[in-house]
Amino acid sequence: MSNFDVIAMALKNLFKRKLRTFLTILGVIIGTASIVVMISLGLALNKNFDSQISQISDITLIHVVGVDQISSQSQGSKNKIKMDDSAVYNFKQIENVESVSPIINLSYAIKAISGKYSATLNLVGIDAQFLETLGYELESGRFLNDDDKLNIVCGGQVPYSFAKNTKRRFYFYDPNQQEKAPDIDVMKDRITISVDMDYGNIDTTGEKSTTSTAKAHPVKFVGVLKYDDFSYSPSDYNCYMTIEQVKKLKAEKQKFDKSSANNNSGFYSDNNSDGYNEIDIKCKDINSVKDIAEKVKDMGYNAYYAGEYLESMRSTAANMQALLGAIGAVSLFVAAIGIANTMVMSVYERTREIGIMKVIGASIYDIKKLFLVESSTIGFLGGIIGALFSLLISYLLNTTNISFFNNDSYIYMSSAAQKPLVSLVPLWLCIAAVVFSGLVGLLSGYFPARRATKLSALTAIKSE
Amino acid sequence: MKNIIELSAIKKIYKMGSEKIVALNNINLNFEQNKIYCILGTSGSGKSTLLNLIAGLEKPSAGQILFKNMHIENFNEEQLAEFRKKYIGFVFQSYNLFPTMTALENVSLPLVFSRVPKKIRIKRAREMLKNVGLENRINHKPSQMSGGQQQRVSIARAFVNNPQVIFADEPTGNLDTKTTFEMMDLITGIARKNNQTLIIVTHDLEISDYADTIIHIRDGVVDEIKNKE
């Protein structure tokens with residue numbers, strides 16, 4: 001029997017039993033679709049993690065955020081480690097480190113005034129060159145130079161934070177603000193800053209507060225970083241200055257806070273007064289990040305890097321994916337039992353037919369092939385329709401507002417314009433689903449087919 | 001004349017639980033080429049068992065079956081299938097047609113198993129149906145035909161592969177007298193025309209008139225062999 005004849009006959013046999021074939025195929029469709037959709041949810045989750053991580057920060061960056069209290073105690077008091085220049089020096093000696101920068105934060109502790117507009121600045125001191133290494137892009141102006149003094153490069157959101165001079169100290173996110181231009185042009189307008197948070201405030205009498213002892217420094221904004229509408233970056237709200245300059249401002253702030261009865265010092269609280277808030281390490285490549293971070297941790301520091309989250313997120317996603325896949329696999333398994341049942345019934349029903357075929361010259365291979373082709377056709381057809389069906393489901397999941405596994409933090413981070421993927425069905429998944437369900441069909445048809453070939457021709461013919 | 005089938009010391013024992021039933025005992029028969037045989041016997045005489053053994057549908061408990069000097073009692077399933085496909089045609093009492101297939105498809109089925117190309121097998125099936133007088137019923141399904149017509153289709157199917165031996169197991173058992181004679185004329189006519197060996201199993205004495213040699217079977221042994229001249 002030629003292969004073509006086998007296939008033609010198998011299709012004819014399937015078509016003869018329309019309802020049963022349809023129901024069996026339906027089982028496979030549901031099985032395949034559920035396994036594909038389940039996996040697609042996991043894949044989308046993974047992809048979202050990836051893009052989330054890449055949005056938040058550079059993955060070759062390690063943030064050293066302090067001294068590990070436990071390990072520093074165990075090392076004894078003579079070797080007390082600090083977040084200081086010697087730490088910066090030590091980090092630079094580690095293999096595959098590209099550059100290291102200490103960072104001082106004056107978190108919303110600086111008041112800026114431009115005419116009748118004011119803002120609270122989140123000042124970050126950093127090595128001039130390091131800012132460029134972080135991979136930010138400029139909207140206008142330039143990055144910092146080593147000899148910059150009171151020059152600032154600010155994030156894309158900072159110009160918008162200048163508001164009419166009121167008591168308001170904090171900046172609140174206003175989703176509509178992007179529609180209008182910022183009130184001032186930071187690159188051109190005259191701006192002065194002060195460590196006094198009440199600087200420039202209008203008091204109840206309508207007079208400008210002149211009681212402040214803090215000095216007002218004129219500053220110059222030399223660059224504005226690019227602001228991406230679709231991705232959140234902490235840099236959007238930062239004002240970068242050279243580390244030396246921020247050190248001076250910090251000293252001035254501490255002095256002012258001591259002398260002033262006023263406790264209005266913003267968010268700023270300093271429990272690390274003689275060191276850096278953070279030391280950032282830029283690694284040469286992604287592969288060395290983990291090793292370097294381990295070394296830094298061994299030296300007694302607390303350090304984290306984006307990849308760390310990525311790893312734990314990935315393992316969470318993998319667990320989730322395995323769970324989802326298992327649910328899908330169960331339904332495909334049920335479908336496989338359905339195919340096997342259909343084929344077994346078919347063998348019983350066609351016992352006589354099989355006998356006649358044997359008597360008029362069909363070989364056992366012909367009969368086996370016939371049954372296997374029938375069952376794998378059910379598998380393949382179900383797989384193809386199931387894959388198409390899951391593409392449709394995936395499309396619906398992505399276009400309608402359903403969110404299964406994305407937590408609130410994600411929604412906050414991604415803007416409304418970029419809806420996170422709920423389901424992702426790559427081509428390989430479709431192909432794998434079709435091949436897999438075909439194989440399931442083949443396997444579940446195997447035992448019925450063997451049973452058919454083992455029937456004695458004579459008893460088969462005699463059966464009515 | 002040359003022997004095409006030689007049976008020697010054939011024994012067939014069925015086991016029914018702990019009881020043994022001897023269906024055939026010490027059968028020695030020779031079948032020559034181009035002759036028509038009739039195996040005659042009452043029901044339960046073992047005549048159908050004998051036919052099944054010669055056709056390779058069952059295996060003897062003891063003895064040898066030589067078909068063109070091949071020991072078919074030693075064949076495995078696959079070899080038997082090949083053997084039946086090549087040398088044997090079957091006509092059954094209950095026609096055994098495929099109900100979902102047309103007359104043409106039923107007749108061409110043995111050719112499908114023999115990997116005959118589609119054009120040729122349709123041509124040969126058509127010819128065969130014409131030979132049995134069914135040229136107007138080619139695309140009818142078995143349910144649309146009378147018993148006689150169905151048996152004609154079954155005869156056409158048995159002869160389409162041009163086998164050397166045709167077995168007919170009570171071929172007219174379900175037919176009326178007039179149709180029985182028509183059918184017997186047809187089947188013996190084709191067999192003689194193509195120099196084929198025809199072995200008919202029946203309990204009907206009238207049918208045995210068509211045969212060259214009549215073999216009487218009684219209680220599993222050959223009772224009498226009558227050659228007609």
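The values are calculated or read from the model by the stated rules, or taken from the named source; none is laboratory data. None of the values given here were measured: they were computed from a predicted structure. Counting neighbours? That spans all protein chains shown, and the Cβs are built from the backbone with ideal geometry, glycine included. Note: areas computed on protein heavy atoms with side chains; ligands, DNA, RNA excluded. Shrake-Rupley method; radii C 1.70, N 1.55, O 1.52, S 1.80 Å.
So which residues in the range A:132-153 are under 14 Å from residue A:235 (Cα atoms) and more than 26 Å from the chain's Cα centre (by Cα)?
Step one: list which residues in the range A:132-153 are under 14 Å from residue A:235 (Cα atoms), which gives A:132-139, A:143, A:152-153.
A:143, A:152, A:153 - these are the residues of the range A:132-153 that are under 14 Å from residue A:235 (Cα atoms) and more than 26 Å from the chain's Cα centre (by Cα).
Identify, from the list B:52, B:96, B:28, B:34, the residue that is in contact (Cβ under 8 Å) with a residue 24 or more places away in the chain and within 14 Å of chain A (Cβ to nearest Cβ). It would help to see each step written out before you state the result.
Values: B:52 fails: in contact (Cβ under 8 Å) with a residue 24 or more places away in the chain; B:28 fails: within 14 Å of chain A (Cβ to nearest Cβ); B:34 fails: within 14 Å of chain A (Cβ to nearest Cβ).
Step by step, each of B:52, B:96, B:28, B:34 is checked, and only B:96 is in contact (Cβ under 8 Å) with a residue 24 or more places away in the chain and within 14 Å of chain A (Cβ to nearest Cβ).
Would the range B:74-84 turn up any residue that is of a type in the set (Asp, Glu) and more than 30 Å from residue B:139 (Cα to Cα)?
Yes.
Return the residue satisfying two criteria in turn: it lies in the range A:68-99 and is among the β-branched types (Val, Ile, Thr) and at pLDDT 80 or above, and of such residues it is nearest to residue A:279 (Cα to Cα). Walk me through it before giving the result.
Step one: filter the range A:68-99 for residues among the β-branched types (Val, Ile, Thr), giving A:70, A:81, A:88, A:94, A:97.
Retained after the next criterion (residues that are at pLDDT 80 or above): A:88, A:94, A:97.
Working: A:88: 7, A:94: 14, A:97: 13 Å.
Of everything passing the filter in the range A:68-99, A:88 is nearest to residue A:279 (Cα to Cα).
Hey, among the residues in the range A:83-120 that are at positive phi and not hydroxyl-bearing (Ser, Thr, Tyr), which one's surrounded by the most Cβ atoms within 10 Å (Cβ to Cβ)? Give the derivation first.
First pass over the range A:83-120, keeping only residues at positive phi: A:96, A:108, A:115.
Filter once more, keeping what is not hydroxyl-bearing (Ser, Thr, Tyr): A:96, A:115.
Values: A:96: 15, A:115: 13.
Within the range A:83-120, the match that is surrounded by the most Cβ atoms within 10 Å (Cβ to Cβ) is A:96.
Between residues in the range A:354-367 that are in contact (Cβ under 8 Å) with a residue 40 or more places away in the chain and open to solvent by 10 Å² or more (accessible area, probe 1.4 Å) and residues that are polar (S, T, N, Q) and assigned to a helix (DSSP H, G or I), which pairs lie under 7 Å by C-beta distance while being six or more apart or on different chains?
A:364/A:453
Just one of B:136, B:174, B:162 is more than 14 Å from chain A (Cβ to nearest Cβ) and surrounded by fewer than 20 Cβ atoms within 10 Å (Cβ to Cβ); which is it? So that I can check it myself, show each step before the final result.
Values: B:174 fails: more than 14 Å from chain A (Cβ to nearest Cβ); B:162 fails: more than 14 Å from chain A (Cβ to nearest Cβ).
Going through B:136, B:174, B:162 in turn, the sole match is B:136.
For residue A:379, state whether it is in contact with a strand residue (DSSP E or B) (Cβ under 9 Å, 6 or more places away or on another chain) and either within 13 Å of chain B (Cβ to nearest Cβ) or within 23 Å of residue A:23 (Cβ to Cβ) (or both).
Values: in contact with a strand residue (DSSP E or B) (Cβ under 9 Å, 6 or more places away or on another chain): no; either within 13 Å of chain B (Cβ to nearest Cβ) or within 23 Å of residue A:23 (Cβ to Cβ) (or both): yes.
In short, no.
Check off (1) open to solvent by 60 Å² or more (accessible area, probe 1.4 Å); (2) without any contact (Cβ under 8 Å) to a residue 24 or more places away in the chain for residue A:337 and give me the number that stays unchecked.
Going through (1) open to solvent by 60 Å² or more (accessible area, probe 1.4 Å); (2) without any contact (Cβ under 8 Å) to a residue 24 or more places away in the chain one by one, residue A:337 breaks only (2).
Being at negative phi, within 14 Å of chain A (Cβ to nearest Cβ) and acidic (Asp, Glu) is true for just one of B:58, B:19, B:73, B:6. Which residue is that?
B:58
Just checking, does the range A:241-257 include any residue being modelled with pLDDT of 60 or more and touching a helix residue (DSSP H, G or I) at 6+ places or on another chain (Cβ under 7 Å)? If you could, list the steps in order and put the result at the bottom.
Taking the range A:241-257 as the starting set, the residues that turn out to be modelled with pLDDT of 60 or more are A:241-257.
When the remaining residues are screened for being touching a helix residue (DSSP H, G or I) at 6+ places or on another chain (Cβ under 7 Å), the result is A:242.
Yes, the range A:241-257 contains a residue that is modelled with pLDDT of 60 or more and touching a helix residue (DSSP H, G or I) at 6+ places or on another chain (Cβ under 7 Å).
One residue is enough: does the range A:128-138 have a residue meeting the conditions open to solvent by 10 Å² or more (accessible area, probe 1.4 Å), part of a strand (DSSP E or B), over 30 Å from residue A:287 (Cα atoms) and not acidic (Asp, Glu)? Don't jump to the end; show me each part of the working.
In the first step, residues of the range A:128-138 are kept if they are open to solvent by 10 Å² or more (accessible area, probe 1.4 Å); the result is A:129, A:132-138.
In the following step, the residues that additionally are part of a strand (DSSP E or B) were identified as A:138.
The next check asks that each one be over 30 Å from residue A:287 (Cα atoms); those that pass are none.
No; the residues of the range A:128-138 include none that is open to solvent by 10 Å² or more (accessible area, probe 1.4 Å), part of a strand (DSSP E or B), over 30 Å from residue A:287 (Cα atoms) and not acidic (Asp, Glu).
Could you figure out which of (1) under 12 Å from residue A:452 (Cβ atoms); (2) surrounded by fewer than 20 Cβ atoms within 10 Å (Cβ to Cβ) isn't true of residue A:329?
(1)
Just to be sure I understand, how many residues within the range B:181-223 are farther than 30 Å from residue B:20 by Cβ and not acidic (Asp, Glu)?
Just the residues of the range B:181-223 that are farther than 30 Å from residue B:20 by Cβ, to begin with: B:181-198, B:204-213.
Imposing the further condition that a residue be not acidic (Asp, Glu) reduces the set to B:181, B:183-184, B:186-198, B:205, B:207-208, B:210-211, B:213.
Selection size over the range B:181-223: 22.
Consider residue B:166 against the criteria (1) more than 28 Å from residue B:68 (Cα to Cα); (2) in contact with a strand residue (DSSP E or B) (Cβ under 7 Å, 6 or more places away or on another chain): it satisfies all of them except one. Which criterion is unmet?
(1)
Could you grab the pairs with beta carbons closer than 6 Å, sequence gap of 6+ or different chains, first residue in the range B:104-117 and free of Cβ contacts under 8 Å to residues at least 12 places away in the same chain and facing chain A (nearest Cβ under 9 Å), second one open to solvent by 10 Å² or more (accessible area, probe 1.4 Å) and not in a loop (DSSP other than H, G, I, E, B)?
From the range B:104-117, the pairs are B:112/A:5.
Pairs only if they're at least six apart or on different chains, beta carbon under 8 angstrom, first in the range A:1-28 and away from every other protein chain (no Cβ under 14 Å), second open to solvent by 80 Å² or more (accessible area, probe 1.4 Å) and of a type in the set (Val, Ile, Thr); list them, first residue then second.
A:27/A:334
From B:143, B:108, grab the single residue that is surrounded by 16 or more Cβ atoms within 10 Å (Cβ to Cβ) and of a type in the set (Ser, Thr, Tyr).
Step by step, each of B:143, B:108 is checked, and only B:108 is surrounded by 16 or more Cβ atoms within 10 Å (Cβ to Cβ) and of a type in the set (Ser, Thr, Tyr).
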